[in-house]
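K.L.:
Pasting in a structure now, in structure tokens, and then I'll have a few things to ask.
The values are calculated or read from the model by the stated rules, or taken from the named source; none is laboratory data. Quantities reported herein were computed from a predicted structural model and do not represent experimental measurements. Glycine gets a Cβ as well: all are built from the backbone with ideal geometry, and neighbour counts include every protein chain shown. With ligands, DNA and RNA removed, areas are computed over all heavy atoms of the protein, side chains included. Shrake-Rupley method; radii C 1.70, N 1.55, O 1.52, S 1.80 Å.
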Amino acid sequence: AKAHIASLWEASKSEFQSNIKEVLPRLSTPAQEVFDYSLEMAPPVRAYFYVPNFLEAYNRGSTSRQDDRRYIVQGPGTSTTSHLNAFRHEFAHSLTKPIVEANSDLIESKGVLFQQAPREVTRFYRDWLTFVDECLVRAVAARVIELTSPDPGAGEALRRADMARGFFLVGPFVEQLKVYETSGLILREYARSMFE
């Protein structure tokens, strides 16, 4: 309520503009990698808005609106790679959320599993469907990184880190995604058997 926006902008302006200049032209690559992985024919969202945020109070997040826009806000990053990885993650949400919603009946029937999630995770992902969506996003990101990164084992390292943090479905989803890759189906079509 008492923020001095002009002062904050003056202090962050050069970093903000530098970030835009370096990161923005490269955002299409991680987004395209996830989109290609899904085998969808058209992007699920009409427009993506990338907003660097250099205030320490907020790291990253995204919102969906009724008009099919997605706003992706990213806080201070340690590197361009971290910004690109975060954008990949947030882009993947626009593909996975409709998949989770379309299969909510099946997913809800397995809701008892949510009791396995640690408190550190459920503080942010407070219901079962949101948790499943987050795990699926993390699994997709791990597989895409595994398939595209010049660093062998990068995707596996990401999978292990997510599992260690309490996203216990990431490992099983990664294994199911390996089957999906050989199925010839688009991810949306394959998802129900994966959730089963």
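K.L.:
Failed condition for A47, given (1) at pLDDT 85 or above; (2) small (G, A, S); (3) surrounded by fewer than 18 Cβ atoms within 10 Å (Cβ to Cβ), with all others met?
P.N.:
(1)
K.L.:
Filter segment 16-35 down to residues that are in contact with a strand residue (DSSP E or B) (Cβ under 8 Å, 6 or more places away or on another chain) and assigned to a helix (DSSP H, G or I) and give me whichever is nearest to T81 (Cα to Cα).
P.N.:
Looking at residues that are in contact with a strand residue (DSSP E or B) (Cβ under 8 Å, 6 or more places away or on another chain) and assigned to a helix (DSSP H, G or I), I get V23.
K.L.:
So which residues in segment 146-167 are open to solvent by less than 20 Å² (accessible area, probe 1.4 Å), assigned to a helix (DSSP H, G or I) and not charged (D, E, K, R)?
P.N.:
Applying the first criterion (open to solvent by less than 20 Å² (accessible area, probe 1.4 Å)) to segment 146-167 yields 155, 162, 166-167.
From what is left, the residues that are assigned to a helix (DSSP H, G or I) are 155, 162.
Selection gives G155 alone.
K.L.:
For segment 59-117, name all the residues that are at pLDDT below 90, aliphatic (A, V, I, L, M) and not in a helix (DSSP H, G or I).
P.N.:
I72, V73, listed by residue number.
K.L.:
Here's a follow-up. Got at least one residue in segment 127-134 being more than 17 Å from T96 (Cβ to Cβ), of a type in the set (A, V, I, L, M) and open to solvent by 20 Å² or more (accessible area, probe 1.4 Å)?
P.N.:
No, because not a single residue in segment 127-134 is more than 17 Å from T96 (Cβ to Cβ), of a type in the set (A, V, I, L, M) and open to solvent by 20 Å² or more (accessible area, probe 1.4 Å).
K.L.:
For the subset of segment 29-40 comprising residues that are closer than 18 Å to S183 by Cα and in contact (Cβ under 8 Å) with a residue 24 or more places away in the chain, which member is surrounded by the most Cβ atoms within 10 Å (Cβ to Cβ)? Quick ask: steps written out before the conclusion?
P.N.:
Going through segment 29-40, the residues closer than 18 Å to S183 by Cα turn out to be 34-40.
In the following step, the residues that additionally are in contact (Cβ under 8 Å) with a residue 24 or more places away in the chain were identified as 34-35, 37-40.
Details: V34: 26, F35: 19, Y37: 20, S38: 20, L39: 16, E40: 14.
Filtering segment 29-40 for residues that are closer than 18 Å to S183 by Cα and in contact (Cβ under 8 Å) with a residue 24 or more places away in the chain, the one surrounded by the most Cβ atoms within 10 Å (Cβ to Cβ) comes out as V34.
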